[in-house]
Amino acid sequence: MGNILIVTEIKDGTIREASYELAAFAQKLGGDVKSLVIGSGIAGEAESFAKKGGGTVYVADDASLANYNVEGYAAAIRAAVDASGADVVLVSNTPSGWDVAPRVAAGLDVALVSDVFDFQDGAYIRRVFNGKLNARVKVPGDKAVVTVQPGALPAFEGSTDGGTESLSVDTSGARSVFVETKLAESKGVDLSAAEVIISGGRGVGDPEKFKEVIQPLADVLGGAMGASRPVVDAGWLPHEYQVGSSGQVVAPKLYVAAGISGAIQHLVGMKGSNFIIAINKDADAPIFEVAQIGVVADLFEIIPALTAALQEAKG
Ligand SMILES: Cc1cc2nc3c(=O)[nH]c(=O)nc-3n(C[C@H](O)[C@H](O)[C@H](O)COP(=O)(O)OP(=O)(O)OC[C@H]3O[C@@H](n4cnc5c(N)ncnc54)[C@H](O)[C@@H]3O)c2cc1C
């Protein structure tokens, strides 16, 4: 596959799990792997990543790169591509990845292959038509910027023999400056990192029932709450809880879908979960097609009983 450059992502001073998944994806591609860490005061993280799948890690450490901005990050990636001779640039398919990857691909005049989840026989695999079909994408000449779905494959867990090299990036011509980060007032949830997700749909009925029925099960399992789109559209929960084609794509160890019919737009966001339990009154609901355990029942009977049993088992 030639030379591969992994673009890592930092959150709260730490390299995100999704970047370790890129390291696993890079191993799958089978080329010479190098990486890039962008930020301020991130040398320690870069050194650690070099030993955990990153290979040679370029460190773009500059106060002007402390916060994500598309111009600075694109300039850093371009500089790392020049330094590494990368053919393939791997970026996580996250909001900042969606933002920067097309700019880098256009600047390099190479193909952009977005939202891939696998690589087989020289082709990138991505879902199309809301997950109904998988497309196999081959790139002539192999040069590409590729965004990879978080959770598509397990994080790299081996060790590699890499070191760091400092990379200077000229951000002086940037037309945008970082002003501030304003966090949404609602309690933020990072569903992409949750190992257990208990999602409720329109069948839950109203916002109070999410607090009374869905949240306690999520709490006892140490998981997060998720939702289908009508729940979010109705304002019962903020958008960051939405799972699906216009929400988040998740792949937890356990996904419980309660009162969710299983429309294709929802399935595309959760069918990569390791184990799926569906609870629905309607035995013909399509959610059962992707579930390992299907419970045809009223969620208001099953979930409180399950929560109480788990609470009792935990003491
Ligand atoms: C462009 C586009 C993008 C979209 N993006 C998304 C997306 O990102 N995510 C998403 O989820 N949807 C998305 N949708 C909407 C999607 O098509 C469906 O309308 C939606 O997923 C349905 O949500 P639901 O299953 O909660 O509701 P419904 O389809 O109304 O299903 C409710 C289910 O609850 C069951 N039920 C009711 N009461 C109970 C009870 N007491 N116990 C057990 N079961 C009960 C019913 O049998 C039913 O199956 C999108 C649609 C479009 C057109």
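The values are calculated or read from the model by the stated rules, or taken from the named source; none is laboratory data. Keep in mind it's a predicted model, so treat the numbers as computed, not measured. Glycine also receives a Cβ, built like all others from the backbone with ideal geometry; neighbour counts cover every protein chain displayed. Please note that ligands, DNA and RNA were not included when accessible areas were found on the heavy atoms of the full protein model with its side chains. Shrake-Rupley method; radii C 1.70, N 1.55, O 1.52, S 1.80 Å.
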Applied in sequence order to region 150-164, the curve 6.51 cos²θ - 1.76 cosθ + 1.60 (Karplus, θ = phi - 60°) yields integer Hz couplings, x standing for Gly and Pro, of x, x, 5, 8, x, 5, 5, 10, x, 10, 10, 9, x, x, 10
For ARG127, ARG229, ARG78, give me the order by solvent-accessible area with a 1.4 Å probe, most accessible first, ignoring ligands, DNA and RNA. ARG229, ARG78, ARG127
Specify the inter-centroid distance of region 97-166 and region 253-310, based on alpha-carbon positions, in whole Å. 31
Please report the antiparallel percentage of DSSP beta bridges with both residues in region 76-209, rounded to the nearest 5. 50
Rg ratio (alpha-carbon, reference 2.2 N^0.38 Å) - the chain: 1.08
Leaving out ligands and nucleic acids, and using a 1.4 Å probe, what accessible area per residue does region 3-166 come to in Å²? 42
Round to the nearest 0.05 the FRET efficiency obtained for SER40 and ASP142 when R0 = 45 Å and r is the Cβ-Cβ distance. 0.85
Would you work out what percent of the accessible area of the chain, with all protein chains in place, is carbon or sulfur (probe 1.4 Å)? 50
At 222 nm, what helix-only mean residue ellipticity would the chain give, in deg cm²/dmol to the nearest 500, using -39500 (n - 2.57) for each DSSP H run of four or more? -8000 deg cm²/dmol
Cross-link list LYS52/LYS211; LYS28/LYS281; LYS271/LYS314; LYS132/LYS182: which exceed 31 angstrom alpha carbon to alpha carbon? LYS52/LYS211; LYS28/LYS281; LYS132/LYS182
Put a dot 7 Å past each Cα toward the Cβ at ASN274 and HIS239; how far apart are the dots in nm? 3.1
Near LYS143, which aspartates and glutamates are there with a Cα under 20 Å away, not counting those fewer than 8 places off in the same chain? ASP32, ASP82, ASP87, ASP99, ASP109, ASP115, ASP118, ASP121
For GLU301, GLU312, give the ranking by accessible area with the largest first, probe 1.4 Å. GLU312, GLU301
With all protein chains present and a 1.4 Å probe, how do TYR68, TYR58 order by accessible area, largest first? TYR68, TYR58
